[in-house]
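Only one structure is covered here, and it is reproduced in the block below.
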Amino acid sequence: MKNIAGNAYLNKFDDQILADSVSIREVLKISDTPFMIFLENRIRENIRNFCNTFKSIFSNFESYYSFKANYLPEICRIIQSEGIGAELVGLPELNLALSLGFPSDKIIVGGPYLPDNLIDKSINKDVREIIVYNLNDLNRINEFARKYDKVQNICLRIKSTKFASKLGISSSLTKINILKDLLKKNKNIKLKTILSHYSTQMNNFEQYSENIMNIIHFYEVLQKHNIDIENINLGGGFPEASIMHKERLKIIAQNIKSILEQHDINYKKVYAEPGRYFVGDSGLFITHILKKTSERWIYINIGNHICPKFARCSLRFYNGSRINDPHKFKTSIAGIIPTDQDVLVKDYFFTKELKEGDFVMVTNVGAYCLTFSNRFPYSLPNIFLIKGENIQKIFDQEIQGDFFINSSKIY
Ligand SMILES: Cc1ncc(COP(=O)(O)O)c(C=O)c1O
């Protein structure tokens, strides 16, 4: 067996591709393309690698899965069963997390948009922290907490140093003075944590280093103003696990720790909010070549409506019908949206022979593809969850209609 795309649960065996222990050809017998496959065991492996690595460096480390990366209930349930917390941006996700049994002290909720009903339910259900991007929201949270006679823990999202970053709170004197006043005035909130999320697909250490330096700078500014912080939240931004190997992840964690030590930062807990690292390489699209041109363009039956550029996935393409052929001939791949802009990749190394009807496997599509997909009027793909030899259909448009979170449903 030979490994494909750096994923232990994706292998070549003779002329077959095995997704865990299931041949993709078997799935092709039960579903038309395009369809999606998620590999449960890969998600579990990614979670364990991530958590074991960080826990080997930090004595008090916790991770909160960023639901927006992939909020399919079956995926979130796997993550919950591994004891991971939830990082949520909206009410549909909060309802989902609660109905899946995430304990409220393992839920953190927040973002740039905190509607009243989200604040109300978060406090009512005792979530661990509400993450605030705008200082104005502190008054509103205080009012809801007062209504329930509770003190709500707060995490501040601080503005990252990345060029043109707009999200979060800056460490300007004006903002810090406003914060100080708000914390003094509002007795039903308590600032516990600061969060800095630098970027997505962070591949070099400088980005992690910038991020932790940003946290340290803010921490020190707050300290000067006698505002104590208990915990630091590193955010997410880790690439797919098959792109960032365990060893590299460990070096990153070690470097973060040593920068914190150099600056003598005291913290109780370190949090991270990975999304893509847990689920990115657990997802595959299986598609077909619909058409080829003499210039080595192929058209496959997905496109940017379901596999959007916005998702920033590290896409890899394989000719599943000729998996043993060398993939070293430049080929461009276009999707099915009727516009010339629907290009998935240009000059990608692919098989020499290209036949209409060949099936194409696209890897690393487990994070953000469904989230950022749009309603271009094509049918939605079936989605299967594979674990060992088991295949479970977890989404069928005929039955479920859409894969958006159904708030009224108990999972
Ligand atoms: C605040 C915050 N945390 C976590 C994440 C998850 O990021 P990723 O999936 O890249 O790990 C994001 C993504 O945008 C984010 O904005």
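Just so you know, all these numbers are worked out from the coordinates, no wet-lab data involved. Treat the numbers as computed from the prediction; the structure is a model and nothing was measured. All Cβ positions, even for glycine, are placed from backbone atoms using ideal geometry, and neighbour counts span all protein chains on display.
Filtering the range 384-410 to residues that are closer than 22 Å to VAL89 by Cβ and either hydrophobic (A, V, I, L, M, F, W, C) or surrounded by fewer than 11 Cβ atoms within 10 Å (Cβ to Cβ) (or both) leaves PHE395, ASP402, PHE403, PHE404, ILE405, SER408, ILE410.
Could you tell me which of the residues TYR113, TYR65, TYR71 is crowded, with 18+ Cβ neighbours inside 10 Å and over 18 Å from THR193 (Cβ atoms)? Explain how you work it out, then say what you get.
Numbers: TYR113 fails: crowded, with 18+ Cβ neighbours inside 10 Å; TYR65 fails: over 18 Å from THR193 (Cβ atoms).
One residue alone meets the criteria, TYR71.
Checking each residue in the range 278-291 for being β-branched (Val, Ile, Thr) and in a strand (DSSP E or B) picks out ILE286, THR287, ILE289. Among the residues of the range 174-201, those identified as assigned to a loop (DSSP other than H, G, I, E, B) and within 16 Å of the ligand (Cβ to nearest atom) are SER196, HIS197, TYR198, SER199, THR200, GLN201.
Looking across the range 333-387, the residues that are among the polar types (S, T, N, Q), more than 22 Å from ASP402 (Cβ to Cβ) and more than 16 Å from the ligand (Cβ to nearest atom) come down to THR339, GLN341, THR351, THR363.
Out of all the residues in the range 359-411, which are assigned to a helix (DSSP H, G or I) and either of a type in the set (Asp, Glu) or in contact (Cβ under 8 Å) with a residue 40 or more places away in the chain (or both)?
Within the range 359-411, CYS369, LEU370, THR371, PHE372, GLU398 qualify.
Residues in the range 268-288 that are more than 12 Å from the ligand (Cβ to nearest atom) and either farther than 21 Å from LYS55 by Cα or without any contact (Cβ under 8 Å) to a residue 60 or more places away in the chain (or both): ASP281, SER282, GLY283, LEU284, PHE285, ILE286, THR287, HIS288.
Specify which of the listed residues (ALA97, ALA145) is crowded, with 21+ Cβ neighbours inside 10 Å, within 24 Å of the chain's Cα centre (by Cα) and either within 16 Å of the ligand (Cβ to nearest atom) or not in a loop (DSSP other than H, G, I, E, B) (or both). Break it down stepwise before answering.
Details: ALA145 fails: within 24 Å of the chain's Cα centre (by Cα).
Every option except ALA97 fails the conditions.
Looking only at residues of the range 112-136 that are part of a strand (DSSP E or B) and either more than 16 Å from the ligand (Cβ to nearest atom) or free of Cβ contacts under 8 Å to residues at least 40 places away in the same chain (or both), we find that the one that is nearest to SER170 (Cα to Cα) is VAL132. Of the residues making up the range 247-277, those that are of a type outside the set (Ser, Thr, Tyr), more than 24 Å from CYS76 (Cβ to Cβ) and either in contact with a Leu (Cβ under 6 Å, 6 or more places away or on another chain) or in a helix (DSSP H, G or I) (or both) number 14. The residue that is nearest to the chain's Cα centre (by Cα), among those in the range 161-195 that are farther than 29 Å from GLN207 by Cα and among the basic types (Lys, Arg), is LYS190.
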